[in-house]
Amino acid sequence: MLNRASRVWVTLLVLALCLSVLALGASAAGGPTKSDAGSGARLPQHAAAAPRAPLASFSEGFEDITLLPGMGWANQNNSSPVGLTGWFQGNDTVFPAQAGSTTSYLGANYNNTAGVGTISNWEMTPVVTLSAGDTVSFWTRTADGSIWPDRLQLRMSLNGASTNVGTLATDVGDFTTLLVDVNSTLTVGGYPETWTQYSVTLTSAQVPAPTMGRFALRYFVENGGPSGDNSNYIGIDTFEYTAAAPTAVSLSTLGAQTNSSLLPLAALTLLVAGAALILRRRIA
């Protein structure tokens, strides 16, 4: 049983420890912190695209990113090491979307890797029919007053439906053509802090002849992560691809992309049409 003096000393010790913890918490809260993802929807670290016919043109506003894989988008996080987050629904407490509802953008942050690492997080578009003169654009930004530089690349593959981005943080796989490199030198303040549009027109040197391929957005930051000097939080909004002119598609291509579930309906339609023609001839 503690005497009165001992109880007083224990009470004082507990109070001192509590005050120390509060002081440390206040000190940590006073400095700048990296921006978190929030509690919105997140994509798996590796999501394969659903098979789809190539698109001529499309626009994506990222209203609900959980629908992306079903629309032909694919993603893969090759960060080293892989962190807690991949791509996630935009967090409007960091900043609101460029267009649409306040959270309707694609987000990524420093937690794509762990500790001090290299972030290499890929988001690939649906398959498109690429030609010289086609245009592609997107909007992006980082958090206000960020002191941790971010970087984003737009790359292109001419290898059909391939989603090969390699396996290492430095790999690019089939996406060898670099179209845009936002803040390639990882300069503080070099990534836009207001929504900014980046646009590219494909050239004949990049696409010598019409072919199927994909674009890829790559969040690529070296010396990133929770303990790194680089990487904070980025948003991507209103991704648009516009074909310069309609591209002819061969019958063999169409046949390969026919949805087998439509074949019974097509057969039934032919049977009905044939029966109607025979009946008409008999009546005549």
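The values are calculated or read from the model by the stated rules, or taken from the named source; none is laboratory data. On a predicted model such as this, the values are computed, not experimentally measured, just so you know. All Cβ positions, glycine included, derive from the backbone under ideal geometry; neighbour counts span all protein chains shown. Accessible surface areas use protein heavy atoms only, side chains included; no ligands, DNA or RNA. Shrake-Rupley method; radii C 1.70, N 1.55, O 1.52, S 1.80 Å.
Overview of values
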{"read-out": "Ile147 - accessible surface, heavy atoms, 1.4 Å probe, Å² rounded to 10", "value": "90 Å²"}
{"read-out": "P(r) weight above 18 Å for the range 145-205, C-alpha pairs, percent", "value": "48 percent"}
{"read-out": "Cα→Cβ-extended label distance, 7 Å offset, between Leu178 and Gln197, nm", "value": "2.5 nm"}
{"read-out": "Cα-based shape type of the range 94-161, given that a ≥ b ≥ c are square roots of the gyration tensor eigenvalues and the cut on a/c is 1.5", "value": "oblate"}
{"read-out": "q = 0.17 Å⁻¹, the range 61-142: log10 I(q)/I(0) [Debye, one scatterer per Cα]", "value": "-0.81"}
{"read-out": "Simple label model, 7 Å out from Cα along Cβ direction - Leu55 to Ala244, nm", "value": "2.1 nm"}
{"read-out": "Semi-axis lengths, Å, the range 74-195, gyration tensor of Cα atoms, sqrt of 5 times eigenvalues", "value": "23, 19, 14"}
{"read-out": "Stokes-Einstein diffusion coefficient of the range 155-249, Kirkwood radius over Cα pairs, 25 °C, 0.890 mPa s, in µm²/s", "value": "157 µm²/s"}
